[in-house]
1. Counting only residues 5 or more places away or on other chains, whose amide H sits under 5 Å from the amide H of SER144 once H atoms are built in the peptide plane?
2. Check which residues have an amide H placed less than 5 Å from HIS292's amide H, if you skip close sequence neighbours.
3. For the cross-link pairs LYS303/LYS345; LYS223/LYS370; LYS162/LYS295; LYS115/LYS175; LYS35/LYS370; LYS162/LYS298, which exceed 27 Å when the distance is taken from alpha carbon to alpha carbon?
4. Can you list the residues, at least 5 places off or on another chain, whose amide H is less than 5 Å from the amide H of ASN28, using H built in the peptide plane?
5. Give me the one-decimal nm value for the distance between modelled label points at GLN106 and TYR64, 7 Å along each residue's Cα-to-Cβ direction.
6. Suppose accessible area is computed on protein heavy atoms with a 1.4 Å probe; arrange SER144, SER102, SER155 from highest to lowest.
7. Please give, to one decimal in nm, the separation of the simple spin-label points placed at ASP325 and GLN123, each 7 Å out from Cα toward the Cβ.
8. Taking R0 as 41 Å, what FRET efficiency do you get between ARG191 and ARG130 from their Cβ-Cβ distance, rounded to the nearest 0.05?
Amino acid sequence: MAAEIHSRPQSSRPVLLNKIEGHSDGVNAAVLIPKEDGVITVSEDRTIRVWLKRDSGQYWPSIYHTVSCEYHFTQKMKIANFYVSDIARLAHQNRVSDLIFSLESQWVISTGHDKSICWMSTQSGSMLGRHSFGSWASCLQYDSDTQHAFVGDHSGQITLLKLDEQTCSVITTLKGHEGSVGALYWDPVQRWLFSGASDNSVIMWDIGGRQGRTLLLQGHHEKVQALWYLPLTHQLVSCSADGGITVWNMETTREEAPQWLDSDSCQKCGQPFFWNIKQMWDSKTLGLRQHHCRKCGKAICGKCSSKRSTYPIMGFEFQVRMCDDCYDTIKEEDRTPLATFHEGKHNIAHMDMDPSRGLMVTCGSDRVVKIWDIAQVVGSSVAAGFSPR
């Protein structure tokens, strides 16, 4: 049922403490039980299970509940009050993609593949409001103090709404991803919103600064499906579908990636691009393919952008295209990584953390749940719990 627990050596990489197996389908959510050696899981096999560690060091389901009705569970379970899943199911006509319980307002806020967000009262069980989008609503975050909801959707947009009883208003729409948004994380102190998408990137949106500042972070080879920000150590943890776990240093000064410029010809050598028929005819030359320098944003041809380089201060942890001029300005110290990369060795669709104990749990479509010691990775103090007995 579970792998043997390892001791906690000093390591700068995540250490696998335990592996839980036994689900017959993909695991949509796994949550660490506070102050307990336990995990709650929700699976596509329509089961809710509470796994507690036994004296043998293995995990066994102490509570095993099968839901008889045919519907999909939420992909990200935020609370242990299971009945709210039934409330959310009644609010949507299709798969429920995310769900949050607000203790302050006594609301259940949910999003679904019926292209809507709904909020309901847990006291009366009645629907308070609904708002529809143009595409599937895939993930959700909520600020209880301001009653603002952030909804990521399949088109790559993030909508900021102000929720009230019976009504809501759209504040703004954030556009930056080139693929469906799969994960959101809201830090109410810094007022930063982090988003991960199928374009393999993470974006930090400075909502509180009101300056429209966005930081692009590229450090994954597959779609980003889970995020967690650690305010005490100023680190962001992101996980992708291929098992990649990236820890970003968000304390350092970073630069915004430039907007890509439009041009009908190379902004370095002046050669026309292939759609610039007039210049091609006048100069009797074939048109070239357009590229963009990731550092300056200029539209350039392949000949003028033959170099590749990392540029971590702008979020490019992997090598990207640079124009020759920008490449020559980069010093070796500018290539020093501002993130660390780790391998979870399984599909990660959801992640939960307990920073005070230095613990992380991951799960995904491979039906496996893994519990990790990440104390050395994120700089936490020596963690308690999940220790060998």
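1. Result for SER144 returns nothing.
2. For HIS292, whose amide H was placed from the backbone, the distant partners under 5 Å are ILE300.
3. The pairs that break the limit, which is 27 Å between Cα atoms, are LYS303/LYS345; LYS162/LYS295; LYS162/LYS298.
4. The list, which skips near neighbours in sequence, is VAL42, SER43, GLU44.
5. Inter-label distance under the simple model: 3.7 nm.
6. Largest to smallest exposure gives the sequence SER155, SER144, SER102.
7. 6.3 nm
8. After rounding to 0.05, the efficiency reads 0.95.
The values are calculated or read from the model by the stated rules, or taken from the named source; none is laboratory data. All figures in this text were calculated on a predicted structure; none of them were measured in a lab. Virtual Cβ from ideal backbone geometry, glycine too; neighbours counted across all protein chains shown. Calculation scope for accessible area: heavy atoms of the full protein, side chains included, ligands and nucleic acids excluded. Shrake-Rupley method; radii C 1.70, N 1.55, O 1.52, S 1.80 Å.
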